[in-house]
1. Nearest 20 debye, what's the magnitude of the dipole of the chain about its Cα centre given +1 on Lys and Arg Cβ and -1 on Asp and Glu Cβ?
2. As a footprinting exposure proxy, order ASP52, ASP80, ASP101 by other Cβ within 10 Å, with the fewest listed first.
3. Which cross-chain or sequence-distant (5 or more) residues have an amide H under 5 Å from the amide H of VAL98, H modelled 1.01 Å from N in plane?
4. Where does the chain land at 222 nm, in deg cm²/dmol rounded to the nearest 500, when only DSSP H runs of n ≥ 4 count, each adding -39500 (n - 2.57), divided by all residues?
5. Output the 0 to 90 degree angle, nearest 10, between the alpha-carbon long axis of helix 22-31 and the longest principal axis computed from the alpha carbons of the chain.
6. Per residue, how much space in cubic angstrom lies within the convex hull of the C-alpha atoms of the range 1-50?
7. Once both axes come from the Cα atoms, what is the angle between helix 60-72 and the longest principal axis of the chain, in degrees from 0 to 90, rounded to 10?
8. With no solvent and one equal point scatterer placed on each C-alpha of the chain, evaluate the Debye formula and give log10 I(q)/I(0) for q = 0.15 Å⁻¹, two decimals.
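Every number in this text was worked out from the coordinates using simple rules, so none of it is lab data. Note that the coordinates shown come from a computational prediction; the quantities given were computed from them, not determined experimentally. Heads up, the Cβs are rebuilt from the backbone with ideal geometry, glycines too, and the neighbour counts pull from every protein chain shown.
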Amino acid sequence: MALNQDYVGKVYPPGEAYQVGREKVREFATAINDLNPAYHSVEAAQALGHADVVAPPTFAFVITMKAMAAAVFDPGLGLDYSRVVHGEERFSYSRPLVAGDTVVTTTTIESIRVAAGNDILTTRSDIATVDGEHVVSAWNVIVSRGTGGES
C-alpha cells in the first residue's frame, strides 16, 4: 500500500526528554570503533572546551530513533515496517552533543516519493535542549520495498 501523501509536513511533537549519558557516549564510540579521546575522556573533551565527553556525530541517531517511531508507526501513514530498509542519514549540527545535555526531539515528515516501485520516506528530527537551544537536525531516509504506487 502506498504511503499517505497527506502526511508530508506533519510534525510530531517532542516526547520524553533524553539525557545524554557519559557511559552511553563512550559505549557508542567504542561500538563504532572511534578512539577519539574527546569521546572517551572528560579531560580530553575539556581540553577542547567542552563540559564533558562529546558524542560522535552519528550518536544523534540514538536519540532520533525513538522520536521517529511516532511517525514511522503512525497507522495513518500506512507504512509496513516489515518492508523497510535504511536508506541514508545526514546531520547538521549547531554544536556537538555533550554528556549531560538534556534534549527533546521534534520529528517532521519532509517528503514521501516513489522510486522504482518503492516508497521513499524522508523525516527530519530536530534535537534541541529543553531550554530550546538547537543542537542538531538529522534527516533519515527509509525505503519501503515494493510498495510504491500500490493502492
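1. 220
2. Placing the least packed residue first, the sequence is ASP80, ASP52, ASP101.
3. Sorted by chain and number, the residues that satisfy this are ALA55.
4. Taken over the chain, the calculation gives -5500 deg cm²/dmol.
5. Taking Cα atoms only, the helix is inclined about 70 degrees.
6. 174
7. 30
8. Scattering profile of the chain, log10 relative to I(0): -0.78.
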